[in-house]
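Here's the structure, in structure tokens; my notes come after.
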Amino acid sequence: MVTCLLNNLFRLMPENPNTMDKSVNMFTVQPELSYTGSIQSPQDICHLSCSVYYSALEDIPAMVRQWWNGQDKRVATYVDSFTTRYASPVLWSQEIQSVQNTEHNMENMSVKGRPVTREVIATYTMELSEEVSVELVIQLPANHPLGIVTVESGKKIGIKAAQWRTWMLQLTTFLVHQNGSILDGLTLWKRNVDKRFEGIEDCMICFSVIHGSNCSLPRLTCRTCKKKFHSECLYKWFSTSNQSTCPACRNLF
């Protein structure tokens, strides 16, 4: 369905989504809808197509990225060039602006934006027996959201290297494979780290506490090794491996 939608949108969108007088970019202004039943002009149809593509990039970026990665080189290059030139600047600017305009000082974590470098800086702190503080630098690519965001390490105190690598991988996974905004991904990542500090163990299949799709906790326990798993992860393991054994100890679950 998404493939059909996006293929048809690129048949309808103009090569240049700026209006004739160059004063309006069809990605920055919502089209006016007519309820009179009259036939829309070609420019109105182009404008509406741009609006739908923009909404897809904003609301289901992972699905659009998957569609783009499946195109042949010629189509993928055109989609990348078109999106980078007309849609991406609006989208990444909106992401950064939403961080700057709203107070996102969540418990234990503060977030700020750097529009010039297309970066979002998140600082997580936890007062335990010794202070824990980590800084994440998330940079949006010029062709956002088609390209992959990069997550780099800033300052970190009180975290072992192996645990830090796991957390970095978790955040990258959330941002790349889940639909939603950067703040949505950071919120899910924070909940995951919070639960880890509360003593809840990671699922031994996806290595996360919070499931990426339904935000559930690992509740199914192996009777032999006592490791816990998300029910969704375990179901997928049984289905793909054609076995009913524990992924950790290989005994019958």
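The values are calculated or read from the model by the stated rules, or taken from the named source; none is laboratory data. These numbers come from a predicted model, not from an experiment. All Cβ positions, even for glycine, are placed from backbone atoms using ideal geometry, and neighbour counts span all protein chains on display. Heads up: the accessible areas ignore ligands, DNA and RNA and are worked out on the full protein's heavy atoms, side chains in. Shrake-Rupley method; radii C 1.70, N 1.55, O 1.52, S 1.80 Å.
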Relative contact order of segment 145-209 (C-alpha contacts under 8 Å, at least 6 apart) in percent is 24 percent
Subtracting the Cα-Cα distance of Ala62 and Glu32 from 0.36 nm times their residue separation yields 8.0 nm
From most to least accessible, 1.4 Å probe, no ligand or DNA/RNA atoms counted, Phe10, Phe197, Phe27 line up as Phe197, Phe10, Phe27
Connecting every pair of Cα atoms under 10 Å apart in the chain and solving the GNM, the largest mean-square fluctuation among Glu201, Glu32, Glu95 falls on Glu32
Taking 0.36 nm per residue of separation between Ser241 and Gln100 and subtracting their Cα-Cα distance, the length gained on full extension comes to 46.2 nm
Helix 88-101: inclination vs the chain longest Cα principal axis, degrees, rounded to 10, gives 60 degrees
Under the Karplus relation with 6.51, -1.76 and 1.60 and θ = phi - 60°, whole-Hz ³J(HN,Hα) for segment 71-78, x at Gly and Pro, equal 7, 6, 4, 5, 5, 4, 5, 5
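At a Förster radius of 35 Å, what calculated FRET efficiency corresponds to the Cβ-Cβ distance of Glu135 and Arg74, to the nearest 0.05?
On the way: r = 41 Å, r/R0 = 1.17.
It comes to 0.30.
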By the rule of no other cysteine beta carbon under 4.7 Å, the lone cysteines of the chain are Cys4, Cys46, Cys50, Cys203, Cys206, Cys215, Cys233
Quotient of Cα radius of gyration and Kirkwood radius for the chain, i.e. Rg/Rh, equals 1.05
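Rounded to whole Å and sorted largest first, what semi-axes of the equivalent ellipsoid does the C-alpha gyration tensor of segment 112-238 yield via the square root of 5 times each eigenvalue?
27, 19, 11
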HN-Hα couplings for segment 11-17 via Karplus (6.51, -1.76, 1.60; θ = phi - 60°), in whole Hz with x for Gly/Pro, come out as 7, 9, 5, x, 5, 10, x
Relative contact order as a percentage, the chain, C-alpha pairs under 8 Å and 6+ apart, gives 11 percent
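Please return the longest range in the chain lying between exposed loop sites, taking trypsin sites (Lys or Arg not before Pro), DSSP loop only, at most 12 other beta-carbon atoms within 10 Å, and leaving the sites out.
The longest uninterrupted stretch comes out as 23-159.
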With a Förster distance of 25 angstrom and the Cβ-Cβ distance between Phe10 and Val176, calculated FRET efficiency to the nearest 0.05 equals 0.65
Listed residues Gly180, Gly158, Gly147; largest mean-square fluctuation, Gaussian network over the chain with Cα springs below 10 Å, found at Gly158
